[in-house]
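All remarks here apply to the structure that follows.
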Amino acid sequence: MILKFFTFFLIISLPALTAREEKIPILLVEPSFLHASLQQKIAGAERTVIVPAWLIKKNNGEATVALLEPGYQTLSEKKMHHFVEQARSNLSAELAKLAPKFLRDEHGVIQVALLESPQPVTASTILAPDFAAHFTRIFGPDLLIAIPSSNRVYIFSKLLPPMNSIAPEIRDDYKLSVTPISTEFFELSHGQLRALGSFD
């Protein structure tokens, strides 16, 4: 399991929803500088956290997110565990909508897979339980992941990481994005996510 999540009490605080909106539980990967009220640090990370949230979808295709906040009502640990399981399943559904682009070297060998979309949970699909399965056939069992912004994910092999060639693009993505997440890079191995360093 990637997450051992939130053993303390929580409250859901949401704006009023109209009949034309749907809310689904999700988990977001977020920069720690946002200081979300409820967050879980990623192992080894200094600037990146996981935050429970709702994905609010409208009939016109627009999507926004609303974070869970402390309040007067509380959820039991059992209910929070159920929320997290639902959230990860929902991230799998969002991941299934994404088609990776593959960046190749001069010999045609895939160096990097890129996931991108305008949806606010694109980067957070790395928390989907089946994320690794989409890429291990190409890159092997140990993946490296960069998430410079909420709508872009880079995936590559830990064995031959193209750090020198890809680092400038990842740093630029982070600096230019209106929703930056992190310049840290992460290893996903055997269902465990942990930060290994930074492109800074």
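The values are calculated or read from the model by the stated rules, or taken from the named source; none is laboratory data. Because the structure is a prediction, the values reported are computed rather than measured. Glycine gets a Cβ as well: all are built from the backbone with ideal geometry, and neighbour counts include every protein chain shown.
From the residues in the range 27-72 that are of a type in the set (Asp, Glu) and closer than 20 Å to Asp200 by Cα, which one is nearest to the chain's Cα centre (by Cα)? Reasoning before the result, please.
In the first step, residues of the range 27-72 are kept if they are of a type in the set (Asp, Glu); the result is 30, 46, 62, 69.
From what's left, closer than 20 Å to Asp200 by Cα: 30, 46.
On the way: Glu30: 8, Glu46: 16 Å.
By that ranking, first place goes to Glu30.
Inspect the range 165-182 for any residue being basic (Lys, Arg) and within 21 Å of Thr125 (Cβ to Cβ) and give the result as yes or no. No, because not a single residue in the range 165-182 is basic (Lys, Arg) and within 21 Å of Thr125 (Cβ to Cβ). Filtered by the rule that a residue be surrounded by fewer than 19 Cβ atoms within 10 Å (Cβ to Cβ) and part of a loop (DSSP other than H, G, I, E, B), the range 171-198 gives Ser177, Val178, Thr179, His190, Gly191.
When you look at Ala93, is it more than 26 Å from Lys175 (Cα to Cα), free of Cβ contacts under 8 Å to residues at least 60 places away in the same chain and not in a strand (DSSP E or B), yes or no? Yes, satisfied.
In the range 52-63, which residue that is in a strand (DSSP E or B) and either modelled with pLDDT under 90 or of a type in the set (Lys, Arg) (or both) is surrounded by the fewest Cβ atoms within 10 Å (Cβ to Cβ)?
Step one: of the range 52-63, the residues in a strand (DSSP E or B) are 52-58, 63.
In the following step, the residues that additionally are either modelled with pLDDT under 90 or of a type in the set (Lys, Arg) (or both) were identified as 57-58, 63.
Values: Lys57: 16, Lys58: 13, Ala63: 17.
Looking at residues that are in a strand (DSSP E or B) and either modelled with pLDDT under 90 or of a type in the set (Lys, Arg) (or both), I get Lys58.
Just one of the listed residues (Pro168, Pro148, Pro141, Pro118) is out of contact with any Cys (no Cβ under 8 Å at 6 or more places or on another chain), buried (at least 19 other Cβ atoms within 10 Å of the Cβ) and free of Cβ contacts under 8 Å to residues at least 60 places away in the same chain, and it is Pro148. Being in a loop (DSSP other than H, G, I, E, B), in contact with a helix residue (DSSP H, G or I) (Cβ under 8 Å, 6 or more places away or on another chain), modelled with pLDDT of 85 or more and crowded, with 16+ Cβ neighbours inside 10 Å, is that true of even one residue in the range 19-39? Yes, that holds for at least one residue.
Looking at the range 151-160 only, could you name the residues that are crowded, with 19+ Cβ neighbours inside 10 Å and either part of a loop (DSSP other than H, G, I, E, B) or free of Cβ contacts under 8 Å to residues at least 12 places away in the same chain (or both)? Listed by number, the list holds a single entry, Asn151.
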